[in-house]
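Student: Sharing a structure below in C-alpha cells format, with a few things to ask.
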Amino acid sequence: MADPGRVRRAFPGLSLRVRRQAIKNLEFEQRVMRNRVLVAGALVVLALGAVLARLFVLQVLEHEHFITLSKNNRVRLEAVPPPRGLMFDRNGTPLTENRPSYVLEITPASVDDLDRTLDRLRRIIDISDADVRRFRRALRRSSPYQPVPLAFNLSDEEVAAFAVHRHQFNGVDIDARLSRHYPMAGIAAHVIGYVGRIDERELARVDKSNYKGTTHIGKLGLERYYEDLLHGQVGYQQVEVNAQGRHLRVLERQPPVAGRDLVLAIDAGLQAVAESAMDGHSGAVVAIDPRTGDVLAMVSTPNYDPNLFVNGISKKDYAALRDDPEQPLFNRPLSGQYPPGSTVKPLMALAGLYYQVTWAGKTMYAGPYYQLRNDPRKYRDWKKTGHGEVNMYKAVAQSCDVYFYDLAYKLGIDRIHEFLSHFGLGRKTGIDTTGERRGLLPSREWKRAVHRQPWYPGETLIVGIGQGYMLATPLQLAVATATIANRGRRMQPRLVRAIRDPATGSEFPLPVREVDRVKLSNPLYWDQVIRSMEQVVHAKNGTAYWHIGRGLKYRMAGKTGTAQVFSLKEDEEYEADKLHRKLRDHALFVAFAPVEAPRIAVAVIVEHAGHGGAEAAPVARKVIDYWLLRRLHLGEKLAGRP
Amino acid sequence: MKGETGYDLYYLFRDLTRFLHIDVVLLLLLLTLAGAGLVILYSAGGENGQLMTNQLIRLGVALATMLVFAQISPEVLKRWSPWLYGLGVLLLIAVLVAGEMGKGAQRWLDLGVVRFQPSEMMKLVVPMMVSWYFADRPLPPSWRDLPVAGALALVPMLLIARQPDLGTALLVGSAGLFAIFFAGISWRILAGLGVAAVAAAPVLWHFMHDYQRQRVLTFLDPERDPLGAGYHIIQSKIAIGSGGWYGKGWLNGTQSQLDFLPERSTDFIFAVFGEEFGFVGAVLLLLLYLAIIFRGLWIAMHAQDTYGRLLGGSLSLTFFVYLFVNTGMVIGLLPVVGVPLPLVSYGGTSLVTLMAAFGMLMSIQSHRRLLAK
C-alpha cells in the first residue's frame, strides 16, 4: 500500500484527485482522537458507575431484604427425567422394563466423617469394594453439594434396614429411580442393545437441557438408534428444600413427557426358537417377512446378558465377554461378513436367465473340474466325480460348481456385479439399528481402487460360487432371499413396525417401503429358479433333502451353502476332522416358505460347522416350522393378525 | 552486588518483554484478572477439578494466541484486514446456508477436524476492516464515507443476528461503530443516529425471535415467568444482594453452592462473585476491569497511525461492552443476552478472541518505536 504522504512529498505537482485523497491532517486527527478517548473514558466511567450504584442498592441498601430471601430460599428448580419408552415384540410381549430401583446416595457436604459413615453403612447394607471405589472416583468429579450414588439396586430389606437407622446417617439418602431391565436377558440382546451411563462425549451429542436428570442413554442397537424417541421430554418441579438441600415437598410440577414405546417386528417366540435351534453353535439367523420387510427374528449366538451393562459392567465380566473366543458381543447378523458360498447360486441362475446367456433346460456336461483357456488352474467341483449332464434345475439342486463356473464366466464380472447389487448385496440395507456393515460385492473398479490390480477372469469363476472376495452379512442374504420370494420386490428390512404413544396407547404404524424392484423380461424365470430351489429341499437328489426334506407339511424353497474359511491348495483335499475347528467351513442355508405364497424368508449361518445342508438347514426348518405351523395355527387364529 | 544483579534482571526483563512485544502493564492486569477468574470459577464450578483443568488449558491457549498476535505488526494486520473481512463474510453466509443445527441456532461451521465459529472472529475483523477503510482517508469522515463504513459494520452484524446470536451481533456491530466513532464522526450525526435507533426499536421487535422477545419481556418484569427465564434474574439478584458489604466468603455462597443459581460458572458467574465477595469485592473487580479498559484506550490514543488508533480504541471499548452487558444482565439492569463475563466465565471461544484482541493492542503499543518518524 503506497504511503500517500511519501507520494505527496515526491510529486508536489500531482493531479488534484490524488492530492485531495492525500490530505490527512495528522495533528487534527490526533486531537480528535484525544477528545474521543476522553469522551469514551467518561462514558465508561459513567456506565460502570451505574453498575456500581445498582450493586450498592442491591448489596447495601436492600441487603436485609435479599439476605432474608436467601435464607428463605427453599425453592429449588429440579429436572424430572422422563420415563424411557418401552419395547414390545409384535405380539405385545415386553422386551424391556423400567423397574423401580433404589439407589443409596451420599451428599458429601452434609457428612461429617465420610470413612466412618461408609463403615457403618456397610454393616447394614451390602456394599462391595468395587462400589466404594467407583463412589470415590465419582466424588472427585462432582460438587460436594450434589448427591453421589454409592450403591444401586438395593433390595426391599436393605431399604427397610436403612429406614430404621436413617437418623444416624446425615447426608445419606435413598432415591427411588427407574432402572432399565431386560426381562428376556440374552434373547434378542443384540437387537435391543442396551442403555448405560451417559459419558461426556454422549452428553455433547444430545440436547443437554433435555438430559438434565437423565442418567442413562442408549449405547447400542435399538436403544441407541431410537434414542430420540425413547428418551422423551424432561419435566421440571419446584421443590421446597431445607438448608441442607433435602427435599421437603413438591410445590409445582411440570411433568415430563414419557418416551415413545416401540413395537418391534420381532416375534419373541420365533426369536427364542431360533436361538435354541442354534443349539450352542456360534452363528446367525435372520428371518424376514418378505411381504413387509419385517424382521421376525434376528439371532446372534452366543449372546450375552445386556443387564450387565446397565449400571456399569464390572471389569471381570467385561473381560470374560471380550476374551471369549466365540465373541458373544459381536453382532453377527449385521456386522458379520461371510462368503455367501453356494447360497448365491440362485441369484447367479437368475442373472443367467436375465442376460439370456443360458436357459433353464439347457444341459451341459459337468466333469470334476472346470478350466479356462490359457489358465492351467483346475477349478474343482465339490463332488470329486463331477455331476455329469446337468441343467439349471439339477445344478441348483445339487449345487454343481462347474455349471456355475461356466455360467459366471459367460456372464462376466460386470454383469454379475450389476445384477446382484439389485438384491442388496454390497451395500447397507439401511435397517433401523446400529452396527450394520456393507459386505462386499466385488467389481472391476473396486479391485482397481483397493488392490491396484486388474480383474482376472479366474476370479469371476470364484465369485460365481460365492467365494473369493465376495462377502455378505446374514441380513443381506435374508433380504436377497426375500427378494426372490417376492419375485423381485425388495422391501426395506425393519426392526420397528410401529411407534406407540404410552399416554394414549395409540399406535402409529411405520410405512412399509419397497426399495428396489428387479424386473425380468419373462416372469417365468422367477418360477424356474424358485422351482430349482424347491428341488434343493424336496427332490431326493437335493442337497438338503435328507436333512430336512422328509415329512415337510409345506413347500419350501432353499439353497445350501458351504463357505470356505481358508482356501485349500489346488490338490489338497478337505478333511474336516483333521482341521482345527476355527478353520472349518461355515455352514449356510437360505430358504423361504410356503413356496406358493411366501410368509417367511430365512438365512442361517452356523460358523465352522461344515456342510450347509446338514448343519444350517435344520435350524432354518425349525424356525419356519414354528412360524408356519405353530405360530400360524395358534397365533393367527387367536389374534387374527397377519 | 545484589543491587547490580537486580539491575541486570531488570534489563533482562525489559529486553525480553520488548523482544516479545509485550506490554507489561496490560499483561499484569490481564493475569490478575484471569487469576481472580480462576478463584471464583473454582467456587462456582463446585470445586470441580476437571473444570479447572479445562479452563487452565484454555487460558494457556489464549495467552499463546495473545503472544502470537503481539508479534504481528499493525502494518501486516492492516494489509490483511480486507481479505480477512471478505473471508469472514463468506463464512458467515456459509454458516447460514450449510451451518450445523445446534440448540436451534446455527453458529458453527464444521470443518471436519474442528468446529469453527466465524461470528467469533468477526469481533476482531469488523473493527479491523472499518479502521482499514478510514486509515488512508482524510478525517473526519465525509458524508460519502459514512454509509460505506456503516455497511461494513452492519452487514456482518445482521448476518450474525440471523443465526440468531444476539449477544455476538451486538458486540460485532458495536465494535464497528466504535471505530467510526473514533474516526471522528460528527456529534450531530451521532445524535441523529441515536434518535433513529430508538425509532427503529419497534421494527427490531418485529424481527426478533420468540425467545428473544421473551427475554426482553422477562427483563421488564421478571416475576411474569419465575420458573423460566425470570428465574435466572431473580436468583442472581438474591445472590448478589445477600452478599452485602463483604460477601459470604469464598466457597460459602448458599445461592450458588446449593444450586439455586443457574449457569453459575458461565454467564452468571458475576453473581457468584457478588455473593461470596460482596460489594467491596465487586468494586475491586470492576476497578480492575476499568484499569484494563483505560490502558487499552491509552495505547490507542498514543498509537502512531490512524489504523492503530481506530482499531485499538474499538477493541478497548468492545471489551467494555462485554463487561457492561454481562454485569448489567446479572444485576437486572439489562435483558438476558448471552455474553460472558470477559476472562472470567467458563468457556474457551470468547477467551481466545479477547486475548487475541489484547495481543493486537500490545502490537500497536510495541511496534510504534520501530516505525520511522
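The values are calculated or read from the model by the stated rules, or taken from the named source; none is laboratory data. If you're wondering where the values come from, they're calculated on a predicted model, not measured in any experiment. Methodologically, a virtual Cβ is constructed for each residue, glycine included, from the backbone with ideal geometry; neighbour enumeration extends over all protein chains shown. Each accessible area value is taken on the protein alone, full model and side chains, heavy atoms only, with ligands, DNA and RNA left out. Shrake-Rupley method; radii C 1.70, N 1.55, O 1.52, S 1.80 Å.
Student: Please list log₁₀ I(q)/I(0) at q = 0.16, 0.24 Å⁻¹ for region A:387-491, using the Debye equation with identical point scatterers on the alpha-carbon positions.
Tutor: The calculated log intensity ratios at q = 0.16, 0.24 Å⁻¹ are -0.79, -1.34.
Student: To continue, here is another question. Work the Kirkwood hydrodynamic radius out for region B:239-354: mean of 1/r over every pair of different alpha-carbon atoms, inverted, in Å.
Tutor: Every distinct Cα pair counted, the radius reaches 15.1 Å.
Student: Assign one of three labels to the protein assembly as shown, namely rounded, prolate or oblate, based on the Cα gyration tensor with a ≥ b ≥ c the square roots of its eigenvalues; rounded applies when a/c is under 1.5, prolate when it is not and a/b is larger than b/c, and oblate otherwise.
Tutor: Prolate, since a/c reaches 1.5 and a/b exceeds b/c.
Student: A follow-up question, please. Using only the alpha-carbon atoms of region A:325-442 as identical scatterers, what base-10 log of I(q)/I(0) does the Debye formula give at q = 0.20 Å⁻¹?
Tutor: -1.09
Student: For a test of the definition: using alpha carbon positions, the gyration tensor, and the 1.5 limit on a/c, classify region A:52-179 as rounded, prolate or oblate.
Tutor: oblate
Student: When the solvent-accessible surface of protein heavy atoms is calculated with a 1.4 angstrom probe, in what order do B:Trp83, B:Trp245 fall, highest first?
Tutor: Highest to lowest solvent-accessible surface, that is B:Trp83, B:Trp245.
Student: Got a sec? Charge dipole of region A:84-222, +1 on Cβ for Lys and Arg, -1 for Asp and Glu; which of A:Thr93, A:Ala151, A:Phe169 is way out at the positive end?
Tutor: Value computed over the given set: A:Thr93.
Student: On to the next question. How many square angstrom of accessible surface are buried between A and B, both sides summed, with a 1.4 Å probe and rounding to 100?
Tutor: In total, chains A and B hide about 5000 Å² from solvent.
Student: Which one, A:Gln492, A:Pro442, A:Pro454, projects farthest toward the positive side of the charge dipole computed for region A:436-514 from Cβ point charges (K/R +1, D/E -1)?
Tutor: Positive-end residue among those listed: A:Pro454.
Student: Compute the length gained on full extension between A:Asp501 and A:Val206: take 0.36 nm times their separation in residues and subtract their Cα-Cα distance, giving the result in nm to one decimal.
Tutor: 104.0 nm
Student: Find how many whole Å separate the alpha carbon centroid of region B:1-61 from the alpha carbon centroid of region A:522-552.
Tutor: After rounding, the separation between the Cα centres reads 83 Å.
Student: Pop out the carbon and sulfur fraction of the accessible area of chain A as a percent, whole number, probe 1.4 Å.
Tutor: For chain A, the apolar C and S fraction of the accessible surface comes to 52 percent.
Student: Per DSSP H run of at least 4 residues, take -39500 (n - 2.57); add these up for chain A, divide by its residues and hand me the 222 nm value, nearest 500 deg cm²/dmol.
Tutor: -10500 deg cm²/dmol
Student: Just the accessible area per residue of the protein assembly as shown, please: how many Å² with a 1.4 Å probe?
Tutor: Accessible area per residue, the protein assembly as shown: 46 Å².
Student: Can I ask one more? Could you list which residues have their amide H under 5 Å from that of A:Arg253, counting only those 5 or more apart in sequence or on another chain, with H placed in the peptide plane?
Tutor: Residues meeting the amide H criterion: A:Gln238.
Student: While we're looking at this one, here's another question. Sort chain B into rounded, prolate or oblate with this rule: let a ≥ b ≥ c be the square roots of the eigenvalues of the Cα gyration tensor; rounded if a/c is under 1.5, and if a/c is not under 1.5, prolate when a/b is larger than b/c, oblate otherwise.
Tutor: Cα axes put chain B in the oblate bin.
Student: Continuing with the same structure: Can you tell me the length gained on complete extension of the stretch B:Ala291 to B:Trp205, counting 0.36 nm per residue apart and subtracting the Cα distance?
Tutor: Roughly 27.4 nm would be gained on extension.
Student: Same structure, new question: Can you tell me the 0 to 90 degree angle between the C-alpha axis of helix A:401-421 and the longest principal axis of chain A, rounded to 10?
Tutor: Here the helix axis deviates by roughly 30 degrees.
Student: For B:Tyr7 and B:Ile57, what is the calculated FRET efficiency with R₀ set at 45 Å and r taken between the beta-carbons, to the nearest 0.05?
Tutor: Calculated transfer efficiency: 0.75.
Student: Counting only protein heavy atoms, probe 1.4 Å: which residues of region A:61-97 lose 20 Å² or more of accessible surface in the full assembly compared with their chain by itself?
Tutor: A:His63, A:Phe66, A:Ile67, A:Leu69, A:Ser70, A:Asn73, A:Val75, A:Arg76, A:Leu77
Student: A:Tyr456 to A:Thr215: extension gain in nm, 0.36 nm per residue of separation minus the Cα-Cα distance?
Tutor: So the chain would gain 81.2 nm between A:Tyr456 and A:Thr215.
Student: Please report, in debye to the nearest 20, how large the charge dipole of chain A is about its Cα centre when each Lys and Arg carries +1 at its beta carbon and each Asp and Glu carries -1 there.
Tutor: Here chain A has a charge dipole of around 2560 debye.
Student: Okay, next question. Rank B:Ile293, B:Ile22, B:Ile189 by mean-square fluctuation in a GNM of chain B with C-alpha springs under 10 angstrom and give only the top-ranked residue.
Tutor: In this elastic network of chain B, the residue with the biggest mean-square fluctuation among B:Ile293, B:Ile22, B:Ile189 is B:Ile189.
Student: Could you name every residue in region A:42-56 that has 10 Å² or more less accessible surface in the full protein assembly than in its own chain alone (probe 1.4 Å, ligands and nucleic acids excluded)?
Tutor: A:Val44, A:Val45, A:Ala47, A:Leu48, A:Ala50, A:Val51, A:Leu52, A:Arg54, A:Leu55, A:Phe56
Student: Where in region B:296-345 does accessible area fall by at least 30 Å² between the isolated chain and the complete protein assembly, at a 1.4 Å probe radius?
Tutor: Flagged in region B:296-345: B:Leu297, B:Met301, B:Arg309, B:Phe320, B:Phe324, B:Ile331, B:Leu333.
Student: What nm distance separates the two modelled labels at B:Val97 and A:Gln233, each placed 7 Å from Cα along Cα→Cβ?
Tutor: The two pseudo-label positions are separated by 3.5 nm.
Student: Something else about it: For a Förster distance of 60 Å, can you work out the FRET efficiency between the beta-carbons of A:Asp115 and A:Val45, rounded to the nearest 0.05?
Tutor: Efficiency, rounded to the nearest 0.05: 0.65.
Student: Treat each spin label as a single point 7 Å out from the Cα along the C-beta direction, and report the A:Asp173 to A:Lys519 distance in nm.
Tutor: 6.7
Student: So if we plug the beta-carbon distance of A:Asp527 and A:Arg322 into 1/(1 + (r/R0)^6) with R0 = 45 Å, what FRET efficiency do we get, rounded to 0.05?
Tutor: 0.35
Student: I'd like the distance between the alpha-carbon centres of region B:302-373 and region A:222-299, rounded to an integer number of Å.
Tutor: 50
Student: Please give the net charge around B:Trp245, taking every other residue with its beta carbon less than 15 angstrom from that of B:Trp245, where Lys and Arg add +1 and Asp and Glu add -1.
Tutor: In short, -3.
Student: Let me ask something additional. What distance in nm separates the two pseudo spin-label positions at A:Lys315 and B:Asp15, each 7 Å out from Cα along the beta-carbon direction?
Tutor: 5.5
Student: Beyond 20 Å between alpha-carbons counts as too far, so tell me which of A:Lys519/A:Lys540; A:Lys378/A:Lys447; A:Lys345/A:Lys394; A:Lys447/A:Lys582; A:Lys383/A:Lys553; A:Lys345/A:Lys559 fall in that bin.
Tutor: Violating the 20 Å Cα-Cα cut-off are A:Lys519/A:Lys540; A:Lys378/A:Lys447; A:Lys447/A:Lys582; A:Lys383/A:Lys553.
Student: Sticking with this one: About the Cα centre of region A:419-529, what is the dipole size in debye to 20, counting +1 per Lys and Arg Cβ and -1 per Asp and Glu Cβ, all else neutral?
Tutor: 300
Student: Give, in whole angstrom and from largest to smallest, the semi-axes √(5λ) of the equivalent ellipsoid of region B:1-93, with λ running over the eigenvalues of the Cα gyration tensor.
Tutor: Semi-axes from the Cα gyration tensor: 31, 28, 9 Å.
Student: If DNA, RNA and ligands are ignored and the probe is 1.4 Å, what is the ranking of A:Arg584, A:Arg373 by accessible area, most exposed first?
Tutor: My answer, sorted largest first, is A:Arg373, A:Arg584.
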